[in-house]
Every structure is written in structure tokens, then in C-alpha cells.
Amino acid sequence: MTGPRRLCPGLAMLCLLCLVVSGAGWPGTGDARAADGSQPKMVDLVCAKARDLSAYRSKSLALLVPGTDGFLFRSRIDMRDYGPLKSGPKKELLKVVAALRERGTEIVLVVPPPRPVADRSRLIEAEAAAQGYDVAAAEAGYTAMLADLRADGVLVADVLGHARAHLGADEPFYLRRDIHWSSDGARIAAEAAAETIAALPLAAALDRAAFTTATRDVGDADEKLGEALETLCDVTVPPEQETFYRTTEADAEAGLFGERAPQVVLVGTSFSHRGDDDPNFSGFLQQALSTSVLNASEEGGGFEGSMAAYLRSDTFREAPPRVIVWEFPPYERPDVDDGKPVRIVRSALKKALAGD
């Protein structure tokens with residue numbers, strides 16, 4: 001990262017007007033920057049227009065709901081209720097897990113908790129209630145979804161439990177004004193996944209090496225929700241500062257892994273791979289496991305994108321890994337679109353196993 005990403009406010013505003021908002025801007029409240037560097041009070045910045053669904057072109061950002069500690073939530077995606085997967089898509093997923101397991105590859109799911117559940121202390125109860133959102137019920141539904149999969153033998157990392165046990169009160173799991181987890185959230189999720197893998201008999205046979213993680217940069221965090229708020233309400237919100245990390249093998253010159261096929265592969269979404277703003281989930285996973293991880297994730301790929309692409313690859317066909325860590329947010333469930341995503345994955349696996 002070479003500098004702040006707000007060097008061209010005119011261009012950024014034009015893009016946001018195209019993608020996010022319809023109609024002319026409303027009068028705003030000016031600059032929200034606090035003199036002491038504290039987070040802005042979002043409840044004072046979310047204007048009437050931001051509470052009007054017709055003002056949004058991108059419904060994935062609607063409606064912006066203020067929280068404390070500089071947080072913004074989305075009512076239509078963040079504030080959803082979850083429960084066990086639909087029967088048909090779940091059966092398809094179980095077939096994928098079973099087929100891979102028969103060939104020596106374990107699947108470990110990493111499903112980050114919904115933003116208001118993970119950062120519950122930043123939720124304003126009255127604002128949530130105004131959206132008809134019950135965070136306790138949402139957490140129960142999310143927990144039930146994962147418990148149902150575990151009951152069928154699927155390995156699912158306990159990300160929420162690990163976060164509550166190991167994340168400090170001043171360490172948000174998610175970025176304050178973006179849809180993605182923070183670097184701290186990525187680290188917690190990686191540790192939860194590594195804990196699940198470490199309990200498997202195959203863990204003892206994984207190639208081992210020491211990894212070190214160091215600060216790569218400190219800069220502006222992604223601000224998809226903050227930028228939408230700025231456009232809708234004609235305000236200026238100072239970007240959240242985030243620490244970005246990089247993990248490297250401690251003794252890379254030793255060439256421990258060399259040309260060996262990867263034993264652990266990560267497939268996932270922008271939570272796992274995101275350019276300059278990458279949260280280092282794969283790096284944290286390498287350090288927690290003390291083994292190399294191939295990151296085959298795809299930004300914007302949804303539930304099925306990177307998994308289907310990896311299963312179609314020569315890398316998988318020639319040397320299937322011991323573990324595939326499969327990350328996807330809860331709103332990218334395998335049963336969306338009547339289960340189309342998981343059917344795509346199963347089709348790709350069938351072809352790979354058939355040698356097509």
C-alpha cells in the first residue's frame with residue numbers, strides 16, 4: 001500500500017453516485033472527524049435519506065443502521081435471521097464432503113458470524129429494534145445452522161466462540177464501516193480453523209515449518225458503508241486506520257516445501273483474498289498451523305466460485321490436499337438460489353474425480 005486511498009475524492013464520488021445512490025445529495029452535517037481521534041458518532045450522521053430504501057441503487061448496502069464505536073450495519077444483509085440449511089442443498093453439500101473424505105481430503109468450514117452478532121456490543125438496541133432485528137434470535141439461528149452441519153459430521157470451525165474467548169473488548173471482529181472482517185477478526189478465524197484441524201489425526205502428518213507475522217502497513221481500511229453514508233448524507237467520515245500484516249516462512253531459504261503439492265488449501269471469498277486490503281487470513285492460518293497454505297480464494301466468488309475453480313484445476317486433480325479450508329460468509333450459504341451454488345461445486349467435483 002503506497003498511500004491513502006482518498007487522493008481523488010471527485011472520482012470516488014462519481015463512482016459512488018453511479019453504484020450506490022439515486023437522486024441529488026441531501027444537506028449534510030459536515031466533517032465528522034473528532035479532535036481527539038475517537039470514532040465518529042454514527043447515529044448523528046445517518047440522515048433521513050440513508051433510511052430511505054429508494055435512495056439506494058445497490059441494495060446490498062441498504063439500509064445503513066448506526067451503531068456505537070463508529071460502526072455502521074446493513075439492515076438487509078447484516079441483520080438477517082439464519083437457521084439450518086434447506087434439506088436438498090444440505091444433502092448436496094454432504095455428498096461433496098463425503099466424496100472428498102473418501103479420497104483423503106477433509107473439509108473444514110469457516111463461516112464468520114453476522115456482523116451484529118460478532119460485534120454485538122456495538123449494536124444500538126433501539127436502532128436494531130426499529131429494523132425488526134432480534135440479535136439474540138439471529139445468533140441462535142446462526143449457531144443452529146452450524147450445529148446442524150456438525151451433527152451430520154461436517155467439520156465447522158467455532159469462529160464465534162473463539163472470538164469471544166480471545167478477542168479483546170476494544171478489538172472489533174469486523175471493520176467498522178465495511179462488510180469484511182478486520183485483521184483481528186481474520187486472525188481469530190484462522191486460529192479457530194487451525195484448532196479444528198489440529199484435532200484431526202491427519203494433523204500429525206502435515207509438513208511443518210515456522211512462520212512469522214509482521215506489520216506490512218498501517219493505512220485506511222475499506223469503507224464501503226462509510227463511503228455510501230458520505231454520498232447519501234453529504235458528510236465526511238474519517239477513514240478507520242487498520243494494521244495490515246504479512247506472514248512469511250521463518251526459514252524460507254531452507255526450502256522445506258519446495259515443489260511439494262500443498263497439503264492445506266484455502267478456498268474462499270474476499271474475506272480470504274483482497275488485494276492491498278488483504279486481511280492476511282491465509283497467513284494467520286499458516287502461522288497457526290505451522291504449515292504452508294495455498295490460497296486459492298477469489299474475490300467476489302461467493303460460496304462456489306473459488307471452490308469450483310480449484311476442483312477444476314490440475315493442482316487438485318494431480319495432488320488432492322489433506323485439508324481444504326472453505327470460507328464463506330453466512331449470507332453466501334450453499335442453499336441460496338435454490339441450491340445452485342452447491343450444485344455447481346458438486347458438478348465440478350464429479351468431473352474432477354472422473355478425470356474430465
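The values are calculated or read from the model by the stated rules, or taken from the named source; none is laboratory data. In this text, all values refer to a predicted model and were calculated from it rather than measured experimentally. Don't worry about glycine lacking a Cβ; one is built from the backbone with ideal geometry, like all the others, and counts go over all protein chains shown.
Conditions: (1) more than 23 Å from Glu327 (Cβ to Cβ); (2) of a type outside the set (Ser, Thr, Tyr); (3) surrounded by fewer than 22 Cβ atoms within 10 Å (Cβ to Cβ). Lys224 meets all but one. Number of the miss?
Unmet for Lys224, out of (1) more than 23 Å from Glu327 (Cβ to Cβ); (2) of a type outside the set (Ser, Thr, Tyr); (3) surrounded by fewer than 22 Cβ atoms within 10 Å (Cβ to Cβ): (1).
One residue is enough: does region 267-283 have a residue meeting the conditions of a type in the set (A, V, I, L, M, F, W, C) and either in contact with a Leu (Cβ under 6 Å, 6 or more places away or on another chain) or free of Cβ contacts under 8 Å to residues at least 12 places away in the same chain (or both)?
No, region 267-283 has no match at all.
Surrounded by 16 or more Cβ atoms within 10 Å (Cβ to Cβ) and touching a helix residue (DSSP H, G or I) at 6+ places or on another chain (Cβ under 8 Å), is that true of Pro320?
Considered against the rule, which asks whether it is surrounded by 16 or more Cβ atoms within 10 Å (Cβ to Cβ) and touching a helix residue (DSSP H, G or I) at 6+ places or on another chain (Cβ under 8 Å), Pro320 comes out as yes.
Which one is nearest to the chain's Cα centre (by Cα) among residues in region 52-87 that are farther than 14 Å from Thr231 by Cα and of a type in the set (Phe, Trp, Tyr)?
This residue is Phe73.
Return yes when Pro262 is modelled with pLDDT under 95, out of contact with any Asp or Glu (no Cβ under 7 Å at 6 or more places or on another chain), within 24 Å of Leu109 (Cα to Cα) and in a loop (DSSP other than H, G, I, E, B) and no when it is not.
Against the criterion (modelled with pLDDT under 95, out of contact with any Asp or Glu (no Cβ under 7 Å at 6 or more places or on another chain), within 24 Å of Leu109 (Cα to Cα) and in a loop (DSSP other than H, G, I, E, B)), Pro262 qualifies.
May I ask you to say which residue of Val117, Val110 is within 21 Å of the chain's Cα centre (by Cα) and closer than 26 Å to Leu202 by Cα?
The conditions single out Val110.
Taking region 257-289 on its own, how many of its residues are closer than 18 Å to Thr213 by Cβ and either surrounded by 17 or more Cβ atoms within 10 Å (Cβ to Cβ) or within 11 Å of the chain's Cα centre (by Cα) (or both)?
Result for region 257-289: 19.
Residues that are free of Cβ contacts under 8 Å to residues at least 40 places away in the same chain and either closer than 25 Å to Lys86 by Cα or of a type in the set (Val, Ile, Thr) (or both): find the helices (runs of 4 or more DSSP H) completely inside region 284-356 holding 2 or more of those.
305-312, 340-354
Condition first: in contact with a Gly (Cβ under 7 Å, 6 or more places away or on another chain), touching a residue at least 60 places away in the same chain (Cβ under 8 Å) and either buried (at least 16 other Cβ atoms within 10 Å of the Cβ) or aromatic (Phe, Trp, Tyr) (or both). Can you find one or more residues in region 94-103 that meet it?
For region 94-103, residues in contact with a Gly (Cβ under 7 Å, 6 or more places away or on another chain), touching a residue at least 60 places away in the same chain (Cβ under 8 Å) and either buried (at least 16 other Cβ atoms within 10 Å of the Cβ) or aromatic (Phe, Trp, Tyr) (or both): absent.
Residues in region 202-218: is at least one within 16 Å of the chain's Cα centre (by Cα), surrounded by 14 or more Cβ atoms within 10 Å (Cβ to Cβ) and at pLDDT 95 or above?
No, the conditions are met nowhere in region 202-218.
Could you please give the count of residues in region 69-86 that are in contact with a strand residue (DSSP E or B) (Cβ under 8 Å, 6 or more places away or on another chain) and of a type in the set (Ser, Thr, Tyr)?
Residues flagged as in contact with a strand residue (DSSP E or B) (Cβ under 8 Å, 6 or more places away or on another chain) and of a type in the set (Ser, Thr, Tyr) within region 69-86 amount to 1.
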